[in-house]
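S.K.: To start, I am sharing the structure in question, which I have written as structure tokens.
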Amino acid sequence: MGSPLKPRASILDISPYIPGKSTAGGRENVIKLSSNETPLGPSLKAVEAFSAAGSHLLRYPDGTAGNLRRAIGQVYGLDPARLVCGAGSDELLNLLAQAYLTPGDEAIYTEHGFLVYKIAILAAGGVPVVAPERGLTANVDEILAKVTERTRLVFIANPNNPTGTYLPVDEVKRLRAGLPDNVGLVLDGAYAEYVSANDYEAGIELVATTDNTIMTRTFSKIYGLAALRIGWMFAPEAVVDVINRIRGPFNVSSPAIEAGAAAICDTDHRDAAAAHNEEWLNWLSGELTALGLKVTPSVANFILVHFEQSGAKSADCANDYLLEQGIIVRQVTSYGLPHALRITIGSGDEMKAVAAALSDFMSMNEANA
Ligand SMILES: *Cc1c(COP(=O)(O)O)cnc(C)c1O
């Protein structure tokens, strides 16, 4: 591009993250099921706290996000001194890569893992190393087989986006035990609140009992505050100290701190969102399976649906058809899944609409398609 300014070489290897679409050819009243947002929206208490904070925009926020860390600590039984808040968990994932990767160091993520990891690794000058998955699920042996002298970090979304699959707690512990001590294990629990499987644990115990495991969480999914950009991490004291040195001193805004604190304390609202999800996740998975579509079993608030590899019943054709009906889902070609679509669990009406549209799509014959 002919600029005399030269960024770190690996930055030009980054393909910019492409968010889920939010428009369908200028239509109004679209059904947006492309970014894993919650159909229930945020707690009203969070919205009130946000509005109240709007009368105090003159002052810098509390740079320690104290109210928010105390609220998280109270709800999850964690020491607030071991928490760091960020502008979304994406910021924290990037800060971890910046802090712990020296150019040339390797960081591992899995075949269909969340793409922010690759971006964060490359931005830090690190070398992304991809471990194969088995059955669209992260595999501990495959990850351990990728470890070298240069490995410094492993990123796992558990459950993973866009597959919706998860690693049971015993496997996560086996991974930690198999990794060298100087390799940080980052457990991204963006969807943890949705998981009801009893062999699942987001990572709190492992962070509490090891000195090299980090858990990140977000307010963007079950808490319905994606617009505010709030994430947090629970980490060993030394990691908290490192991240606090490099993060922006006011990286979380006052409205975000106050809304987040109110949201996390509204556990009834969170539980209602989880119950709604469980109901409609099961319902939609069942409906689409009955149409002859393959659905990867999901524990999160979205499902991965598989289509034919070519022809009129391909994922591309399904996506086009859904867009014509004003339904926006997520294409996941950039995740190495060109024949699948990811569909967020929305309201009951939205789920009925997407099931009806896919039923029509599946029953169209080739000539009409
Ligand atoms: C949505 C998502 C996040 C959340 O990112 P924020 O920056 O907190 O909005 C993190 N990890 C995964 C796997 C996600 O899908």
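The values are calculated or read from the model by the stated rules, or taken from the named source; none is laboratory data. What you are looking at is a predicted structure, and each value in this text was computed from that prediction instead of being measured. Note: ideal-geometry Cβ built from the backbone for every residue, glycine included; neighbour counts use all protein chains shown.
S.K.: Using the structure shown, decide if residue 241 is without any contact (Cβ under 8 Å) to a residue 12 or more places away in the chain, acidic (Asp, Glu) and within 24 Å of residue 185 (Cα to Cα).
M.R.: The answer is yes for residue 241.
S.K.: What's the number of the only condition in (1) within 15 Å of the ligand (Cβ to nearest atom); (2) in a loop (DSSP other than H, G, I, E, B) that residue 249 fails to meet?
M.R.: Here residue 249 meets the rest and fails (1).
S.K.: So which residues in region 196-211 are touching a helix residue (DSSP H, G or I) at 6+ places or on another chain (Cβ under 9 Å) and assigned to a loop (DSSP other than H, G, I, E, B), if there are any at all?
M.R.: 196, 199, 200, 201, 202, 203, 210, 211
S.K.: Among the residues of region 343-365, is there at least one that is out of contact with any Ser or Thr (no Cβ under 6 Å at 6 or more places or on another chain), more than 30 Å from residue 189 (Cβ to Cβ), of a type in the set (Phe, Trp, Tyr) and crowded, with 21+ Cβ neighbours inside 10 Å?
M.R.: yes
S.K.: Please verify whether region 130-138 includes one or more residues that are polar (S, T, N, Q), buried (at least 23 other Cβ atoms within 10 Å of the Cβ), within 16 Å of the ligand (Cβ to nearest atom) and at pLDDT 95 or above. Reasoning before the result, please.
M.R.: Just the residues of region 130-138 that are polar (S, T, N, Q), to begin with: 137.
Among the residues that remain, those that are also buried (at least 23 other Cβ atoms within 10 Å of the Cβ) are: none.
No - not one qualifying residue is present in region 130-138.
S.K.: Across region 63-91, what is the number of residues that are away from the ligand (no atom under 16 Å from the Cβ), more than 14 Å from residue 259 (Cα to Cα) and of a type outside the set (Ser, Thr, Tyr)?
M.R.: Within region 63-91, residues that are away from the ligand (no atom under 16 Å from the Cβ), more than 14 Å from residue 259 (Cα to Cα) and of a type outside the set (Ser, Thr, Tyr) number 10.
S.K.: Looking at the structure I just gave you, is residue 36 in a loop (DSSP other than H, G, I, E, B), surrounded by 12 or more Cβ atoms within 10 Å (Cβ to Cβ) and on the phi > 0 side of the Ramachandran plot?
M.R.: yes
S.K.: A follow-up question, please. Check 94, 158 and return the single one that is under 21 Å from residue 201 (Cα atoms), surrounded by 19 or more Cβ atoms within 10 Å (Cβ to Cβ) and within 16 Å of the ligand (Cβ to nearest atom).
M.R.: 158
S.K.: Could you list, in sequence order, the residues of region 184-222 that are among the β-branched types (Val, Ile, Thr) and either under 20 Å from the mean Cα position of the chain (by Cα) or outside the structural domain of residue 87 (by TED's automatic domain parsing) (or both)? Show your work before the answer.
M.R.: In the first step, residues of region 184-222 are kept if they are among the β-branched types (Val, Ile, Thr); the result is 186, 195, 204, 207, 209-210, 213-214, 216, 218, 222.
The answer is 186, 195, 204, 207, 213, 214, 216, 218, 222.
S.K.: Oh, and also: Can you name the residue in region 166-183 that is surrounded by 24 or more Cβ atoms within 10 Å (Cβ to Cβ) and not in a helix (DSSP H, G or I) and, of all such residues, is nearest to the chain's Cα centre (by Cα)?
M.R.: So the residue we want is 166.
S.K.: Would you check which residues across region 119-173 are among the basic types (Lys, Arg) and in contact (Cβ under 8 Å) with a residue 24 or more places away in the chain and list them?
M.R.: So in region 119-173, the residues among the basic types (Lys, Arg) come out as 134, 146, 150, 152, 173.
Residues satisfying the conditions are 146, 150, 152, 173.
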